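Structure, as C-alpha cells:
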Amino acid sequence: MTSTSFAKATADEKQELRQLLKDRDDRFWDLLRTRTDEAASFGEMIFLAGLRKKAAASGFADPRANPEESLKIALIGGSTLFPLSDIIEHTVSVTSGVVSIHSGDFNNYRSEIDDPESSLYDFAPDIVFVIPDDSTCRYTGRLIDGPERVTEQIESVANHNLELCRLMRDRTGAEIVLCNFLLPPLFDLGQFSTKAPASEWNFRKAVNLSIAASAPNYIHICDLEFLTYRLGGLEAQDERSWFESKQLLSPDLQVAVAKETAHIVGSLKKAAKKVLVMDLDNTIWGGIIGDEGVEGIELGDTSPRGEAFKAFQTYILSLTDRGLLLAVSSKNDHENAIEPFQRHPEMVLREEHIVSFKANWEPKVQNIIEMAEELSLGLDSFVFVDDNPAEIEIVNQFAPEVTTILLGPDPAFYVRQLKESRLFERSSITDEDANKTEQYKRESERKKALGSAVDMDSYLESLEMKGVFRDFDRLDLPRIAQLINKSNQFNLTTRRRTESEVEMIIEDPDFTGFTMRLSDKFGDHGLISVVIGKRDGDVLEIDTWLMSCRVLKRQVEEEVMNEIVARARLLQCTSVKGLYLATAKNGMVKRHYQGLGFSTVRGNEEFGEYQLSVEGFEPRPTYISVESTARRI
Amino acid sequence: MSMTRTEVLERLQEIFDDIFLDEVVVTPELSAKEVEEWDSLLHISLVVSVEEAFDVKFRVGEVEGTGNVGEFADLILRRLNGTNA
C-alpha cells in the first residue's frame, strides 16, 4: 500500500465516522470502538478522541454507556500527564463507559499522595494511574559496586513506590495502575551495561522485577518495559519532547499505554471467558475430515503446516490450565469428526479435553446456544473460533454476546491471534478461585480423575460408571434406529434397519433386542449400545452389535458380552454365534470376537464367524455397576 | 514529495479539524491567542499530530519560535525539504 492510498483510506474512514456522528446513528459508537481498538498512531487516537468529545458536547450518548455509573480515574506522576490523560480518557470510555478524569500537577504526586487534604483525595478516585518520577530509578553508588549494595537500592526504589500505592489504597480503596520503569535503549556502557549489577540497564530491570514480585492484587502493573519491548525501545522515548514539555513517553508509547490502561480497567469488571468453542476442519487440523479421512488431514510433525496446527492445539490445551473449558462445534458427521480425537496419533486435543462435542449439520450458533444451556453459562462467557467468515458472521448476528475470532489465512499465526485477543488472561489467582463455577469443578474433577489414574483400572474405577440394560422399548426407537443407521466404526455387521423394522423385532419372539445406557460421575452418556440377537435352535446369533465410539475403552463391550450370555441362558441357548462383516470403516472391531474369547469357525478378510459356549462362561469383570432384568433371574 | 505552502496549509486545516472541537479556519495569520481551545496542552497534541502527518521531526524549541500558522507552515516546509536551517 502506497502512502497516498493509505492516507486516502484513512480519510474515507474518518468521513464515515463523521457522517455517522452527524446522523446521530448508533453505529457510530461501535465503529468508534473498533477504530480505537485498531488505532496505532497518536494522530488517529486524537482524532477519535475529538469525535467522541464532539458527540458528547452535542448530547449524543453511547447507548452502551450508563451515565449513572461514571468511573473516576486520577492520573498522577513525575512527568507531564497531558496528552496521555486525553487518550486514556478516550480508550477507557469507549471500553468501559462514562469516565471522569483528574490530572495531578507535574511531578507533584508524592505530596498529593502524602497530603490527606490534596485534590487527589477530594476527587475520590475509583482508579489511580501512576507514572513514577523516572529520575528516581537510579543507582546512586559506583558502577563497580557488587550485587549486595545494588540490591539494597533496588528494594528501596521498589518499596518506595509500593508504599505510595499502599497509602493511596488505604485512603481511597481505589485500584492502582502503576507504571514501571523504562529501560534505556541506547548503547552506552557496552559490556558493562550487561554485566554490572549497578548499570542503568540492569538496575531498572531489577527494580521492575522487584515491584512486580511484591505487588499486591490491588496494584495492576502497566508494564512499560514490556510495552516498550513490543514497540521498539528507540520508538518509545523522545528526548525533544522531554525538554520541551516534560513528556516521558513518545506519542506511540502513549497510545500503547492508553490501550493497556483501558484493558486493565476493563478486566476489573468483566468476567473472564469460560469456554472456547472450536471449529475443526482447517482450524485445529488442515483439510476436511469428511473428505480426506483421518489419514488425510494435515496434522503433526510431518509437514510445516501440520506442525502449525499441532502447535495451535498445544496452545489451546494449555488454556485449560487457566480454567478454560474447550468445546467443539463442527459441521461434520459425529463419527468422522470425533475419529481424530480418538485415534490420530498427532492429536494433542483428546476427547476427554472437550466438555461438549457437537459435530452435526445444525447451524453452529444453535450448537453454542445449546452448550450455554447444558453448562449453565451465559453466552457472554463463550469465545468461538473458526476459519470461515460465514460461520463467524452467523454467530455475530444471532448470538452477539459470543466473542468471535476469525482466523487468518495462515495457521502459522493462529496461536498469535489467540494470544493477541487477550480474552484468556487472568487478573489474579484469588479472583479465579472466587469465580469458580460448577463446570470448572466438574472439569477439574475430570482432569483429576485422569491425572491420578496411574493405570486404566483405577481410572475406570474412579469414574463410578453405571450401566442400564433394557429390552427394546418403543420410546427408544428413534435413537435405536439412529444408531443402527449411523454407526460405522464400532459396528460388527452394519445391518441398517428402519424404525418399523426395529419395531418388528420387539414383537418377534425369536429376536432379542436390547440397549445399554451408560452414565458416570461426570454425566450421562445416554443410550450408547445396541444388540440384536436371533434365536436359531439352541444358538443365539448376534445379528447386530454396535456401540457409540464415545464410550470406547470403558469396558462397555465386556459388560454387553455378559448381558448377551445372560440372555442366551434365558432363551435356553447353549452357544452364541458372532459375525463380523467388514466395511470400509469398521476395521476397529475386526478382532472383536477373538478378544472376547470366541473361537473362530471360519473367516477371511471380509467375513468372520465365531462361536462361544454358554456353559462355563465366566462373566467378565468390569468397573460398571449394572442394572439388568435378564441377570436378576 | 514536494509540497507547496498552500498544500501544507490545506493539510493543516485537516489536522485542525481533527483536534479542535470548534471549527477553526486556518489562515497564515492565525495564531494561538485567537483560538480559545489552543492552550499549551492542546499545542502538544497539535505538534505531535503535525509531525506524524507530515513525517517530519522538529528540533528542540523551534516550534515555539513560530509566531503564527504561516510561520509554522514555513517551518514544516523547511523540514520537509531537508533544509538545514
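The values are calculated or read from the model by the stated rules, or taken from the named source; none is laboratory data. Because the structure is a prediction, the values reported are computed rather than measured. Positions of Cβ are generated from backbone atoms using ideal geometry, with glycine treated the same way; all protein chains shown enter the neighbour counts.
Data for the structure
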| read-out | value |
| --- | --- |
| Residues of segment A:24-82 that turn out to be assigned to a helix (DSSP H, G or I) and either in contact with a Leu (Cβ under 8 Å, 6 or more places away or on another chain) or under 30 Å from A:Phe106 (Cβ atoms) (or both), as a count | 22 |
| Test result for A:Ser70, more than 27 Å from A:Glu244 (Cα to Cα) and either polar (S, T, N, Q) or in contact with a strand residue (DSSP E or B) (Cβ under 9 Å, 6 or more places away or on another chain) (or both) | yes |
| Residue check for A:Arg24: touching a residue at least 12 places away in the same chain (Cβ under 8 Å) and either in contact with a Pro (Cβ under 7 Å, 6 or more places away or on another chain) or crowded, with 19+ Cβ neighbours inside 10 Å (or both) | no |
| Only one of A:Ile113, A:Ile101, A:Ile76, A:Ile88 that is over 21 Å from A:Ser250 (Cβ atoms), within 37 Å of the chain's Cα centre (by Cα) and not acidic (Asp, Glu) | A:Ile101 |
| Qualifying positions in segment B:15-51 - in a helix (DSSP H, G or I), of a type in the set (Asp, Glu) and more than 11 Å from the chain's Cα centre (by Cα) | B:Asp17, B:Asp18, B:Glu34 |
| Unmet requirement for A:Phe106, which otherwise passes all of (1) among the hydrophobic types (A, V, I, L, M, F, W, C); (2) touching a helix residue (DSSP H, G or I) at 6+ places or on another chain (Cβ under 9 Å); (3) in the same structural domain as A:Glu260 (by TED's automatic domain parsing) | (2) |
| Residue check for B:Arg78: of a type outside the set (A, V, I, L, M, F, W, C), within 17 Å of A:Arg240 (Cβ to Cβ) and assigned to a helix (DSSP H, G or I) | yes |
| Entirely in segment A:97-200, the helices (runs of 4 or more DSSP H) that have 2 or more residues that are more than 15 Å from A:Ile76 (Cβ to Cβ) | A:147-172, A:191-195 |
| Enumeration of residues in segment A:49-85 that are in contact (Cβ under 8 Å) with a residue 12 or more places away in the chain and among the aliphatic types (A, V, I, L, M) | A:Ala49, A:Leu51, A:Ala55, A:Ala65, A:Leu71, A:Ile73, A:Ala74, A:Leu75, A:Ile76, A:Leu81, A:Leu84 |
| Meets criteria (surrounded by fewer than 21 Cβ atoms within 10 Å (Cβ to Cβ) and in a helix (DSSP H, G or I)) for A:Ala213 | yes |
| Test for A:Asp386: is it surrounded by fewer than 19 Cβ atoms within 10 Å (Cβ to Cβ) and either touching a residue at least 60 places away in the same chain (Cβ under 8 Å) or of a type in the set (Asp, Glu) (or both) | no |
| Answer residue from segment B:15-51, given it is farther than 20 Å from A:Lys246 by Cβ and at the interface with chain A (Cβ under 8 Å from one of its Cβ atoms) and is surrounded by the fewest Cβ atoms within 10 Å (Cβ to Cβ) among those | B:Leu21 |
| Scope segment A:544-576; condition closer than 25 Å to A:Thr498 by Cβ and among the basic types (Lys, Arg); matching residues | A:Arg550, A:Arg567 |
| Qualifying residue in segment A:547-557 (condition: assigned to a strand (DSSP E or B) and surrounded by 14 or more Cβ atoms within 10 Å (Cβ to Cβ)) | yes |
| In segment A:604-633, the residues that are in a strand (DSSP E or B) and under 15 Å from A:Met561 (Cβ atoms) | A:Tyr610, A:Gln611, A:Leu612, A:Ser613, A:Ile624, A:Val626 |
| Residue list for segment B:52-64, restricted to those being at the interface with chain A (Cβ under 10 Å from one of its Cβ atoms) and either part of a helix (DSSP H, G or I) or buried (at least 18 other Cβ atoms within 10 Å of the Cβ) (or both) | B:Glu52, B:Ala53, B:Phe58, B:Val63 |
| Qualifying residues in segment A:218-253 (those that are polar (S, T, N, Q) and either assigned by TED's automatic domain parsing to the domain that holds A:Val402 or in contact (Cβ under 8 Å) with a residue 24 or more places away in the chain (or both)) - the one nearest to A:Gly378 (Cα to Cα) | A:Thr228 |
| Residue in segment A:581-589 that is over 19 Å from A:Lys486 (Cβ atoms), surrounded by fewer than 22 Cβ atoms within 10 Å (Cβ to Cβ) and not assigned by TED's automatic domain parsing to the domain that holds A:Phe341 present | no |
| Qualifying residue in segment B:65-81 (condition: of a type in the set (Gly, Ala, Ser), closer than 25 Å to A:Ala56 by Cα and within 13 Å of another protein chain (Cβ to nearest Cβ)) | no |
| Residue check for A:Phe203: in a helix (DSSP H, G or I) and crowded, with 17+ Cβ neighbours inside 10 Å | yes |
| Verdict on A:Ile506 being part of a strand (DSSP E or B) and of a type in the set (A, V, I, L, M) | no |
| Segment A:575-603: number of residues that are of a type outside the set (Phe, Trp, Tyr) and assigned to a strand (DSSP E or B) | 11 |
| Selected residue (only one of A:Ala256, A:Ala262, A:Ala327 is over 18 Å from the mean Cα position of the chain (by Cα) and either without any contact (Cβ under 8 Å) to a residue 40 or more places away in the chain or within 26 Å of A:Ala390 (Cα to Cα) (or both)) | A:Ala256 |
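Residue-wise test of (1) under 30 Å from A:Asp223 (Cα atoms); (2) within 14 Å of chain B (Cβ to nearest Cβ).
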residue	(1), (2)
A:Asp238	yes, yes
A:Ser241	yes, yes
A:Gln247	yes, yes
A:Val257	yes, no
A:Asn282	no, no
A:Glu298	no, no
A:Phe312	yes, no
A:Ile316	yes, no
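One line per residue, one yes/no per condition, for (1) more than 14 Å from chain B (Cβ to nearest Cβ); (2) modelled with pLDDT of 90 or more:
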site: A:Thr4; (1), (2): no, no
site: A:Leu20; (1), (2): yes, yes
site: A:Leu81; (1), (2): no, yes
site: A:His90; (1), (2): no, yes
site: A:Ser93; (1), (2): yes, yes
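Yes/no per residue for (1) free of Cβ contacts under 8 Å to residues at least 24 places away in the same chain; (2) in contact with a strand residue (DSSP E or B) (Cβ under 7 Å, 6 or more places away or on another chain); (3) under 16 Å from A:Ala481 (Cβ atoms):
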{"position": "A:Glu503", "(1), (2), (3)": "no, no, yes"}
{"position": "A:Val531", "(1), (2), (3)": "no, yes, yes"}
{"position": "A:Lys534", "(1), (2), (3)": "no, yes, no"}
{"position": "A:Met547", "(1), (2), (3)": "no, yes, yes"}
{"position": "A:Gln555", "(1), (2), (3)": "no, yes, no"}
{"position": "A:Glu558", "(1), (2), (3)": "no, no, no"}
{"position": "A:Glu563", "(1), (2), (3)": "no, yes, no"}
